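What follows is a set of notes on a single structure, which appears directly below.
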Amino acid sequence: MMSKLQQFAKLHATHVWIVVHPTKQSQLAGNEPSMYDCSGSAHWFNKCDNGIIVRRPYAKSWAQQKQDDKAKTGCSRQVNLKVDKVRNYYAGKLGEAKLLFSSRTRGFEEAADIVV
C-alpha cells in the first residue's frame, strides 16, 4: 500500500498525508509518542519521507481547565509538534515547536508569542 501511495505521489507531483494514531499501550504508559508507537511502526518510519508527530500534552477539556485555572497544570490549547524524520535535507529539518490555539485568530501561534 505504501509503495503504491509513493508511486501515486511521484506520478502526480503531489504530497500524500497519512494520519497514524499510536497504539493504546503507548498512550496508557504516558510516554512521549514516537514514530515507532504505531502498529507496524518500522514500516511507517522506513517508508515515509517526512514524519511529524502532533501531540496535545494536556488531556483536560477546556471546561475542566477553566475550573482548575489556579492549578497551573497546563493549557488544553497547547499543541506540541515534532518533526521526527526528514529524508531529504531540502524538505526541512528535525525539530520541535510548541503552539497555542488562539480563539482570536482561530489558528495556532508560537507559544512564546501568546499569553495563556
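The values are calculated or read from the model by the stated rules, or taken from the named source; none is laboratory data. Remember, predicted model here, so these are calculated numbers, not experimental data. In this analysis, Cβ positions are derived from the backbone assuming ideal geometry, glycine residues included, and neighbour counts consider all displayed protein chains. Please note that ligands, DNA and RNA were not included when accessible areas were found on the heavy atoms of the full protein model with its side chains. Shrake-Rupley method; radii C 1.70, N 1.55, O 1.52, S 1.80 Å.
Brief remarks follow.
- Scanning segment 81-100 for residues that are surrounded by 10 or more Cβ atoms within 10 Å (Cβ to Cβ) and at pLDDT below 85 gives a single hit, 91.
- In segment 31-80, of all residues being at pLDDT below 60 and on the phi > 0 side of the Ramachandran plot, the one that is least open to solvent (accessible area, probe 1.4 Å) corresponds to 74.
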